[in-house]
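Input: a single structure, listed below in C-alpha cells.
The values are calculated or read from the model by the stated rules, or taken from the named source; none is laboratory data. Note that the structure is a prediction, hence the values are computed from the model and not measured. Cβ sites come from the backbone with ideal geometry, for glycine too, and all protein chains shown count toward neighbours. The accessibility values were calculated without ligands, DNA or RNA, using every heavy atom of the protein model including side chains. Shrake-Rupley method; radii C 1.70, N 1.55, O 1.52, S 1.80 Å.
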Amino acid sequence: MPSKIKNDYNNLYKANYYLFSERVEKMKYEYAEDLQTKMIDIVKVLDLNHIDINRVKCFRSFGSSTKRTIARCHTIGKLMQKAIGIEAYYAIEFLERFSKMNEEEQNKVIIHELMHIPKTFGGGFRQHDFVCDSNVELMHEKLKSLKKPVIHNVKDNKKISNFPFWSKSF
C-alpha cells in the first residue's frame, strides 16, 4: 500500500476511534423508576397481557447526538438469547427530549414503544406498519377512557374515589 494511502487510512481510523470513544463516554443511562411505574400502569390498564412487566425495564439516557428520536426499544435477538441461554428482555430508553413533553404525549410515546413488543414476547419487534400514529392514537384513546383518576381530599390526604364522576363537591 502506498504510504500516502496508508497515512490517510490511519488518520481516518484514528479520527473515527476518537469520535466513537468520545461519544460512548458522553452517553449515560439511569434506571427510571417513575417511567417503569407509568409503563406498568399502562400495560395493566390496556390489558397488554403478552408483556411480561418483569422483563421490561425503563431507562433515561443522556448525551445522545440524535435530534429526532424521543425513545427506543431494545432487545437481544433470538439467536443471542439461545446462545447465552436467556429469555427475551426488553429495555425502553427515553432520551432527553421525552422529559420536555406533556404527560399525554409521554403516554403516547410509552404506548408506541410498548406496541413494538410482539405478542410472542420472544425478542423480536413489531414494525412501523403496525406501530403507527393511528394505532397509537387508538390505544391512547382506550387508555384515557379506561383510566380512572384517583381523587384525593387534599385537606385530609385521603382517597375519595377511583370513579371519575363522584357526588362530593369541594
Which whole-Hz ³J(HN,Hα) couplings does the stretch 109-121 yield from phi under the Karplus relation 6.51 cos²θ - 1.76 cosθ + 1.60, θ = phi - 60°, glycine and proline marked x? 5, 4, 4, 4, 5, 5, 5, 5, 7, x, 4, 6, 6
Give, in nm to one decimal, the length gained when the segment between Asp47 and Glu137 is fully stretched (0.36 nm per residue of separation minus the Cα-Cα distance). 30.8 nm
Amide H partners (placed H, <5 Å) of Val56, local residues excluded: Tyr90
Accessible surface, per residue, of the stretch 42-94 when the full set of protein chains is kept, probe 1.4 Å, Å²: 58
Virtual spin-label span in nm between Arg55 and Glu103, 7 Å along Cα→Cβ: 3.2
Quickly rank 103-112, 28-37, 42-51 as a protection proxy: mean count of other C-beta atoms within 10 Å, highest first. 103-112, 42-51, 28-37
Virtual spin-label span in nm between Lys144 and Asp129, 7 Å along Cα→Cβ: 3.0
